[in-house]
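The values are calculated or read from the model by the stated rules, or taken from the named source; none is laboratory data. Just so you know, these numbers come straight off a predicted model, no measurement behind them. Positions of Cβ are generated from backbone atoms using ideal geometry, with glycine treated the same way; all protein chains shown enter the neighbour counts.
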Amino acid sequence: MSEEMVITLLRETLYLIIKVSAPMLLISLVVGLIVSILQTVTSIQEQTLTFVPKLISIFLILMLTGNWILTNIVEYMEYLFENFNAFIR
């Protein structure tokens, strides 16, 4: 396996990780920001208040995008398995 091939595989893998984790990270960021603004406006300083809305929103986004995430991961694994011999040489 050449150095270029390792770098390419690493780049593709990192891109896939970023791509499939982005919906959950973005919704968590948005919900956390909204809850923080509401806490500031209402002067409620409870640190655990952001946990439940984030948990629910991540669960919902996983329900909505779970099929897409799984499809991307399966396609990448199929690509790796199909080209396994090329990677070893």
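Of everything in region 26-51, what is surrounded by 11 or more Cβ atoms within 10 Å (Cβ to Cβ) and out of contact with any helix residue (DSSP H, G or I) (no Cβ under 9 Å at 6 or more places or on another chain)? Give them in sequence order. Walk me through it before giving the result.
At the first step, the residues of region 26-51 found to be surrounded by 11 or more Cβ atoms within 10 Å (Cβ to Cβ) are 26-36, 38-39, 49-51.
Leu29, Leu33, Phe51 - these are the residues of region 26-51 that are surrounded by 11 or more Cβ atoms within 10 Å (Cβ to Cβ) and out of contact with any helix residue (DSSP H, G or I) (no Cβ under 9 Å at 6 or more places or on another chain).
Taking Leu10, is it within 26 Å of Met77 (Cβ to Cβ) and either aliphatic (A, V, I, L, M) or within 19 Å of the chain's Cα centre (by Cα) (or both)?
For Leu10, the condition - within 26 Å of Met77 (Cβ to Cβ) and either aliphatic (A, V, I, L, M) or within 19 Å of the chain's Cα centre (by Cα) (or both) - is met.
Starting from region 75-89, take each residue that is surrounded by 10 or more Cβ atoms within 10 Å (Cβ to Cβ) and list its partners that are in a helix (DSSP H, G or I) and not polar (S, T, N, Q), counting only C-beta distances under 6 angstrom and pairs at least six apart or across chains.
Tyr76/Leu16
Filter region 39-89 down to residues that are outside any helix (DSSP H, G or I) and either modelled with pLDDT of 90 or more or acidic (Asp, Glu) (or both), then give me how many there are. Please lay out each step first, then the result.
Initial filter on region 39-89 (outside any helix (DSSP H, G or I)): 43-46, 83, 89.
Within this subset, residues satisfying the condition of being either modelled with pLDDT of 90 or more or acidic (Asp, Glu) (or both) are 46.
The qualifying residues number 1.
Tally time: how many residues in region 52-72 are surrounded by 13 or more Cβ atoms within 10 Å (Cβ to Cβ) and under 30 Å from Met5 (Cβ atoms)?
From region 52-72, those surrounded by 13 or more Cβ atoms within 10 Å (Cβ to Cβ) are 53-54, 57-58, 61-62, 65, 69, 72; that's our starting set.
From what's left, under 30 Å from Met5 (Cβ atoms): 69, 72.
Of the residues in that region, 2 qualify.
Give me the pairs: first residue in region 1-12 and loosely packed, with under 10 Cβ neighbours inside 10 Å, second residue at pLDDT below 85 and in a helix (DSSP H, G or I), beta-carbon distance under 6 Å, and six or more apart or on different chains, which are they?
Close Cβ pairs (under 6 Å, with a partner that is at pLDDT below 85 and in a helix (DSSP H, G or I)) do not exist here.
Kindly establish whether Ser36 is modelled with pLDDT of 95 or more, in a helix (DSSP H, G or I) and either in contact with a Pro (Cβ under 9 Å, 6 or more places away or on another chain) or not β-branched (Val, Ile, Thr) (or both). Reasoning before the result, please.
Values: modelled with pLDDT of 95 or more: no; in a helix (DSSP H, G or I): yes; either in contact with a Pro (Cβ under 9 Å, 6 or more places away or on another chain) or not β-branched (Val, Ile, Thr) (or both): yes.
Considered against the rule, which asks whether it is modelled with pLDDT of 95 or more, in a helix (DSSP H, G or I) and either in contact with a Pro (Cβ under 9 Å, 6 or more places away or on another chain) or not β-branched (Val, Ile, Thr) (or both), Ser36 comes out as no.
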